[in-house]
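Okay, so here's the structure we're looking at.
Each value in this text was obtained by applying a stated rule to the coordinates, not by laboratory testing. Keep in mind that what you see is a predicted model, and the values were worked out from it rather than measured. Cβ placement follows ideal geometry from the backbone for every residue including glycine, while neighbour counts extend to all protein chains displayed.
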Amino acid sequence: MFAGNGGSAADAQHLAAELVNKFLRQRSPLPGLALSTDTSVLTAIGNDFSFDEVFSKQIQALGRKGDVFVGISTSGNSANIIKALSVARGMGLSTIALTGQGGRMGEMADCTIAVPSGLTPRVQEAHILIGHILCEIIEEAHA
């Protein structure tokens, strides 16, 4: 499962698609889900509860022990990603934080990959490269 806001939401969708379809080679589909894509779920949770819970509630509904949650935030301080990381860890999911320099997310994830920049465009560019590297590693492991 992947989640992010704005450009990071687009990265989440991109990386989920690489797993479900393919990255570099023809293979069986792998599970991948971007939690930013279901507008009815997002707006219902945002309206009835809080935007801070739009990803954590989906993790509670869909996540299972053994799953991996990847939270993406250029600042490392997105409240809804922080809450999602906390819920995912509490449920026994493995967690990865993709961040820029600084932010609270780094201390909340099992694995943090922090791009050493505070410039959003540079962090976003690095995030998609890192995401592609992760997809390639995953694909190799499932060859």
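Listed by chain and number, the lysines whose C-alpha is less than 24 Å from the C-alpha of residue 57, apart from same-chain residues fewer than 8 away, are 65, 83. When the chain is described by a simple charge dipole with +1 on each Lys and Arg Cβ and -1 on each Asp and Glu Cβ, the residue from 46, 24, 115 located farthest towards its positive end is 24.
Among rounded, prolate and oblate, which fits segment 28-143 when a ≥ b ≥ c are the square roots of the eigenvalues of its C-alpha gyration tensor, a/c under 1.5 means rounded, and a/b larger than b/c means prolate? Because a/c hits 1.5 or more and a/b fails to exceed b/c, segment 28-143 counts as oblate. When the chain is treated as a GNM with alpha-carbon contacts under 10 Å, the residue of 26, 124, 101 showing the greatest mean-square fluctuation is 26. Scalar couplings 3J(HN,Hα) for segment 38-49, obtained by applying the Karplus form with A = 6.51, B = -1.76, C = 1.60 to θ = phi - 60°, are 8, 4, 5, 5, 4, 6, 5, 5, x, 6, 7, 10 Hz; x denotes Gly and Pro.
Per-residue Cβ neighbour counts within 10 Å put 113, 133, 81 in the sequence 133, 113, 81, beginning with the fewest. Here the Gaussian network model covers the chain, with springs between Cα atoms less than 10 Å apart; of 102, 92, 66, 66 fluctuates the most. What trypsin sites (Lys or Arg not before Pro) in segment 33-66 are in a loop by DSSP, with at most 13 other Cβ atoms within 10 Å of the Cβ? Here the sparse-neighbourhood loop sites are 64, 65.
Across segment 1-65 the C-alpha pair distances fall into 10 Å bins from zero in the proportions 22, 47, 25, 6, 1 percent.
In a reduced charge model with +1 at each Lys and Arg Cβ and -1 at each Asp and Glu Cβ, segment 2-141 shows a dipole moment near 160 debye about its Cα centre. Residue by residue, segment 87-101 carries 3J(HN,Hα) couplings of 5, 4, 5, x, 8, x, 7, 6, 10, 10, 10, 9, 9, x, 6 Hz when phi is fed to the Karplus relation 6.51 cos²θ - 1.76 cosθ + 1.60 (θ = phi - 60°); x denotes Gly or Pro.
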